Amino acid sequence: MSLNASSLQRAVEVFRASFGTSPEIVTVAPGRVNLIGEHTDYNEGFVLPIAVDRYLCVAARGRNDRTVKIVAADLNDSDEFGLDNVQRDEEANWRNYPRGVAWVIQQNGIELKGIDAVVASDIPIGAGLSSSAAIEVGFALTFLHFVQVDVPRPTLAQWCQLAEHKFAGVQCGIMDQMIALLGKENHALLLDCRDLSHQLVPLPSGIAFVVADTGVPRTLAASEYNIRRRQCEEAVRWLSETLGRPLKSLRDVTIEELGQVFNEMPEPIRRRARHVVTENNRVLDFQQAMREGALKRAGYLLLASHASLRDDYEVSCRELDAMVNALMSVDGVYGARLTGAGFGGACLAMVREDALARVLEEVPKRYAEELGQNAPEPNLFAVRVSDGAWVESL
């Protein structure tokens with residue numbers, strides 16, 4: 001477990017300053033990057049995320065009552081609530097993540113104890129590394145530690161997802177919580193979003209992963225995301241009727257079946273369906289390529305994923321395309337694609353480890369050249385593949 005000490009130290013220091021004593025534990029929850037499998041999760045498909053070495057830390061001490069006091073070190077904000085009647089907070093949405101988690105755990109028959117806690121994070125907000133799942137998982141493990149209850153991690157992932165639905169009002173998939181809890185150093189997690197079955201996929205040595213934030217906020221993501229979900233549901237209805245059998249989701253359609261009816265299928269739902277069906281196949285091919293160390297093939301699959309997201313799912317933008325071009329123009333980059341919902345945000349690249357320094361230096365210049373004047377300021381950083389969340393006693 002390679003832990004960047006900064007957020008852990010900050011959580012402990014702010015705890016001492018805020019509560020006049022030392023914390024008993026620090027819970028560490030990682031951010032995540034999805035290697036491949038984009039917009040497949042809500043279509044009951046496959047995804048392949050990694051946990052990364054950007055962390056959210058919760059420093060905490062148990063209390064003898066049912067009060068929860070939380071200080072958010074990075075936001076200069078705090079929260080206090082009672083465990084007897086946990087309510088949503090209408091003022092600051094970050095407060096709804098710990099509250100939602102406490103509510104869900106207690107709905108499942110586990111009576112919690114109060115805590116004093118400080119949360120600090122070095123997961124960049126808005127780069128698509130899922131700081132929201134990290135705060136849910138961090139507080140879930142913290143609350144459970146102080147009542148000495150062990151919940152199976154896939155179950156806990158579902159509880160955290162429910163907390164986000166009910167309290168934060170975000171209809172997220174299950175991937176982020178699963179990888180934050182089940183990640184393993186130097187492994188990706190192949191997750192079937194239909195039944196939550198999962199397996200660890202060992203990653204070959206000699207590669208590095210780079211997150212390249214375009215500097216463009218994901219403004220359209222929420223509204224367009226909902227439109228894409230509706231289009232996928234429409235595609236399922238059309239295909240069920242045309243193929244003459246009940247389909248639960250696009251997961252149930254093969255490439256061959258889609259090919260047979262593709263020309264009759266209306267736009268844009270035929271291209272939306274083609275993305276999801278081919279992307280599921282790419283996830284399975286990519287994880288096999290990783291197991292075999294077939295890096296060129298894996299790189300090709302990343303590029304094919306980006307092309308499909310750009311042309312068939314239409315969730316890319318000028319800056320994301322420019323970033324992929326800039327990344328691919330540097331020797332030693334195997335492949336790159338947009339990661340996350342799209343319409344801004346970040347790209348992911350798989351690079352040769354010995355090319356990492358060159359990639360980080362060259363790509364920002366080439367990105368600026370691609371876009372010309374007024375190019376946004378990008379932010380590139382390498383990520384290491386980390387373990388899932390853990391609790392450290394101090």
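The values are calculated or read from the model by the stated rules, or taken from the named source; none is laboratory data. Please read all numbers here as calculations on a predicted model, not as lab measurements. Don't worry about glycine lacking a Cβ; one is built from the backbone with ideal geometry, like all the others, and counts go over all protein chains shown.
Name the single residue, out of those in segment 156-173 being in contact with an Asp or Glu (Cβ under 7 Å, 6 or more places away or on another chain) and part of a loop (DSSP other than H, G, I, E, B), that is modelled with the highest pLDDT.
Taking segment 156-173 first, the residues in contact with an Asp or Glu (Cβ under 7 Å, 6 or more places away or on another chain) are 160, 163-164, 170, 172-173.
Subsequent filtering for residues that are part of a loop (DSSP other than H, G, I, E, B) retains 170, 172-173.
Values: 170: 79, 172: 80, 173: 83.
Among those residues, the one meeting the criterion is 173.
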Read through the list (1) within 23 Å of residue 97 (Cβ to Cβ); (2) surrounded by 22 or more Cβ atoms within 10 Å (Cβ to Cβ); (3) in the same structural domain as residue 280 (by TED's automatic domain parsing), then give the number of the only condition that residue 212 fails. (1)
Single residue of 380, 348, 356, 338 found to be part of a helix (DSSP H, G or I), surrounded by 16 or more Cβ atoms within 10 Å (Cβ to Cβ) and either in the same structural domain as residue 272 (by TED's automatic domain parsing) or modelled with pLDDT of 95 or more (or both): 356
Where the second residue is aromatic (Phe, Trp, Tyr) and the first is part of a loop (DSSP other than H, G, I, E, B) and lies in segment 72-87, which pairs have Cβ atoms under 6 Å and are six or more apart or on separate chains? 86/103
Condition met for residue 289 (modelled with pLDDT of 95 or more, closer than 20 Å to residue 189 by Cβ and aliphatic (A, V, I, L, M)): yes
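I'm checking my understanding of the structure. Among residues of segment 145-169 that are of a type in the set (Phe, Trp, Tyr) and over 14 Å from residue 181 (Cβ atoms), which one is surrounded by the fewest Cβ atoms within 10 Å (Cβ to Cβ)? Walk me through how you get there before you give the answer.
We begin by selecting, within segment 145-169, every residue of a type in the set (Phe, Trp, Tyr); these are 146, 159, 167.
Filter once more, so that each one left must be over 14 Å from residue 181 (Cβ atoms): 146, 167.
Details: 146: 17, 167: 24.
Per the criteria, the residue is 146.
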Can you name the condition, by its number, that residue 350 falls short on among (1) closer than 18 Å to residue 50 by Cα; (2) of a type in the set (A, V, I, L, M, F, W, C); (3) in contact with a Cys (Cβ under 7 Å, 6 or more places away or on another chain)? (3)
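Determine if segment 181-201 includes at least one residue that is in contact (Cβ under 8 Å) with a residue 60 or more places away in the chain, polar (S, T, N, Q) and closer than 26 Å to residue 291 by Cα. Give the steps one after another, and end with the answer.
Start the filter on segment 181-201 by keeping residues that are in contact (Cβ under 8 Å) with a residue 60 or more places away in the chain, which leaves 181-194, 201.
Remaining after also requiring polar (S, T, N, Q): 186.
Narrowing further to those that are closer than 26 Å to residue 291 by Cα: 186.
Checked segment 181-201: at least one residue is in contact (Cβ under 8 Å) with a residue 60 or more places away in the chain, polar (S, T, N, Q) and closer than 26 Å to residue 291 by Cα.
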Among 37, 31, which is the only one that is crowded, with 24+ Cβ neighbours inside 10 Å and not in a loop (DSSP other than H, G, I, E, B)? 31
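Being closer than 21 Å to residue 36 by Cβ, in contact (Cβ under 8 Å) with a residue 24 or more places away in the chain and of a type outside the set (Gly, Ala, Ser): is that true of residue 295 here? Don't jump to the end; show me each part of the working.
On the way: closer than 21 Å to residue 36 by Cβ: yes; in contact (Cβ under 8 Å) with a residue 24 or more places away in the chain: yes; of a type outside the set (Gly, Ala, Ser): yes.
So residue 295 fits the description; yes.
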Might you let me know whether segment 41-60 holds any residue that is part of a loop (DSSP other than H, G, I, E, B), among the aliphatic types (A, V, I, L, M) and modelled with pLDDT of 95 or more? yes
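Output the number of residues of segment 135-155 satisfying the condition of being more than 16 Å from the chain's Cα centre (by Cα) and part of a helix (DSSP H, G or I). Give the steps one after another, and end with the answer.
In the first step, residues of segment 135-155 are kept if they are more than 16 Å from the chain's Cα centre (by Cα); the result is 139-153, 155.
Restricting the remaining residues to those that are part of a helix (DSSP H, G or I) gives 139-145, 153, 155.
Qualifying residue count, segment 135-155: 9.
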For segment 106-151, which positions are hydroxyl-bearing (Ser, Thr, Tyr) and on the phi > 0 side of the Ramachandran plot? 130
